[in-house]
Amino acid sequence: MSPRLVTTVGATLRTATERLRAAGSPTPRLDAELLIGLVCGRDRSWLLAHPEAPLDDAADLESLVERRAAGEPIAYIRGFKEWRSLRIRTDARALIPRPETELLVDAAIDEIAARLTADDRPLTAWEVGVGSGAVVVALALRFRQAITLGRLTLVGSDASADALELAAENLAAHRVASVVQLACADLLEPAGRSLPRPDVIIANLPYVATDEVDARVGSLGFEPRLALDGGPDGLAVLRPFLASLPERAAPGAAVFLEVGVGQAGGIGDLAPARSSATIVPDLAGLDRVVRIGLSGSSGA
Ligand code: GLN
């Protein structure tokens with residue numbers, strides 16, 4: 001039996017940081033803290049307070065550090081990402097939830113809450129392209145009561161069976177699996193079933209231009225292309241999605257779209273006739289979310 005190597009948290013932190021720095025990680029120290037925390041089951045503040053603590057899982061750590069050194073995102077290695085104070089399970093089946101997507105959720109929550117208080121009509125909210133399920137988990141937790149009371153139907157769809165599987169795991173982990181209907185769908189066209197026309201639509205569809213996806217290096221290169229690639233101009237998915245709204249969405253529906261930097265202005269031109277397009281700026285003043293209000297008549 002090989003002898004067990006016992007080292008300390010502080011020494012390991014230094015060697016792992018150096019290894020990751022040499023491999024080109026932009027955040028070597030943070031990465032090392034998160035990975036060491038993962039093998040010892042401790043958070044970062046504990047690690048920093050206990051540099052002298054023994055660490056005897058060095059072999060486990062080494063394989064994690066090597067995965068990170070090869071560019072794999074920390075969230076895939078740890079298997080989760082903290083997002084909007086939720087712990088979202090993450091792996092190569094879907095994109096890692098991004099901070100900018102929090103704005104999309106906040107805008108959709110405000111809209112759904114306002115519509116629920118405005119009158120007693122039952123509502124349907126539909127997230128198109130759920131990916132990991134982060135957004136639909138946040139919506140389900142926020143509106144669980146309205147859903148249980150039959151006031152709100154919450155649908156989440158994706159074209160990727162892998163993503164739907166991960167979303168189902170995240171819904172189950174947050175105990176909201178029973179309040180969300182997951183569906184395999186090409187945009188707003190579900191395979192083999194009918195769903196109510198949505199009053200509120202939330203969509204974070206692929207919007208990155210193909211050559212930008214091709215150029216992604218490091219951890220960005222590990223995420224599924226299907227979730228990112230928006231064709232030559234980044235709009236190849238958004239265009240048919242927007243064109244399908246008059247037929248697929250309820251009259252008067254509100255649609256919240258996450259878009260790429262610089263894309264928001266052009267979305268109004270692609271939106272259906274007689275709809276309004278409003279930009280919801282983020283805290284950094286970037287235009288990342290567009291609200292499209294469809295006309296109230298059944299305009300199809
Ligand atoms: N914000 C993501 C990125 O730039 C893209 C997400 C998307 O295409 N929907 O990596």
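The values are calculated or read from the model by the stated rules, or taken from the named source; none is laboratory data. Owing to the predicted nature of the structure, the values given are computational and were not obtained by experimental measurement. Cβ atoms come from the backbone with ideal geometry, glycine included; neighbour counts cover every protein chain shown. We work out accessible area using only protein heavy atoms, side chains counted, and drop any ligands, DNA or RNA first. Shrake-Rupley method; radii C 1.70, N 1.55, O 1.52, S 1.80 Å.
Quick notes on this one:
- Qualifying residue in segment 190-201 (condition: within 11 Å of the ligand (Cβ to nearest atom), polar (S, T, N, Q) and at pLDDT below 95): no
- Test: P232 is closer than 21 Å to W126 by Cβ and either among the aliphatic types (A, V, I, L, M) or away from the ligand (no atom under 14 Å from the Cβ) (or both): no
- The conditions of being in the same structural domain as I267 (by TED's automatic domain parsing) and over 26 Å from R115 (Cβ atoms) are met by A215.
- Any chance V39 is in contact with an Asp or Glu (Cβ under 7 Å, 6 or more places away or on another chain), away from the ligand (no atom under 15 Å from the Cβ) and over 30 Å from A250 (Cα atoms): yes
- Taking the criterion of being near the ligand (Cβ under 10 Å from one of its atoms) and in a helix (DSSP H, G or I), the only residue of segment 83-102 that qualifies is T101.
- S178 open to solvent by less than 40 Å² (accessible area, probe 1.4 Å) and of a type in the set (S, T, N, Q): no
- Breaking point among (1) assigned to a helix (DSSP H, G or I); (2) out of contact with any strand residue (DSSP E or B) (no Cβ under 8 Å at 6 or more places or on another chain); (3) not small (G, A, S), for R121: (1)
- Cross-chain or 6+ apart pairs with Cβ under 6 Å, segment 171-195 first and in the same structural domain as V136 (by TED's automatic domain parsing), then part of a loop (DSSP other than H, G, I, E, B): L171/G133; C184/A191; D186/A159
- Residues that are in contact (Cβ under 8 Å) with a residue 60 or more places away in the chain and either surrounded by fewer than 22 Cβ atoms within 10 Å (Cβ to Cβ) or aromatic (F, W, Y) (or both) were ranked within segment 235-277; the one that is farthest from the ligand (Cβ to nearest atom) is A250.
- Test: residue in segment 135-147 that is without any contact (Cβ under 8 Å) to a residue 12 or more places away in the chain, more than 30 Å from D229 (Cβ to Cβ) and outside any strand (DSSP E or B): yes
- Test result for E52, outside any helix (DSSP H, G or I), open to solvent by 40 Å² or more (accessible area, probe 1.4 Å), among the acidic types (D, E) and under 22 Å from L164 (Cα atoms): no
- Residue match in segment 90-97 (condition: open to solvent by less than 60 Å² (accessible area, probe 1.4 Å), within 21 Å of P224 (Cα to Cα) and without any contact (Cβ under 8 Å) to a residue 40 or more places away in the chain): yes
- Any hit, segment 158-168, residues being assigned to a loop (DSSP other than H, G, I, E, B), in contact with an Asp or Glu (Cβ under 7 Å, 6 or more places away or on another chain) and open to solvent by 10 Å² or more (accessible area, probe 1.4 Å): yes
- Filter pass, A16 being touching a residue at least 12 places away in the same chain (Cβ under 8 Å), more than 30 Å from S157 (Cα to Cα), surrounded by 13 or more Cβ atoms within 10 Å (Cβ to Cβ) and small (G, A, S): yes
- Only one of the numbered conditions (1) more than 20 Å from E169 (Cα to Cα); (2) in a helix (DSSP H, G or I); (3) of a type in the set (G, A, S) is violated by G150, and that is (2).
- Candidate set: segment 209-231, residues that are among the small types (G, A, S) and under 18 Å from F241 (Cα atoms); chosen: the one most open to solvent (accessible area, probe 1.4 Å): A227
- Taken together, the residues in segment 21-55 that are of a type in the set (D, E, K, R) and in contact with a strand residue (DSSP E or B) (Cβ under 8 Å, 6 or more places away or on another chain) amount to 1.
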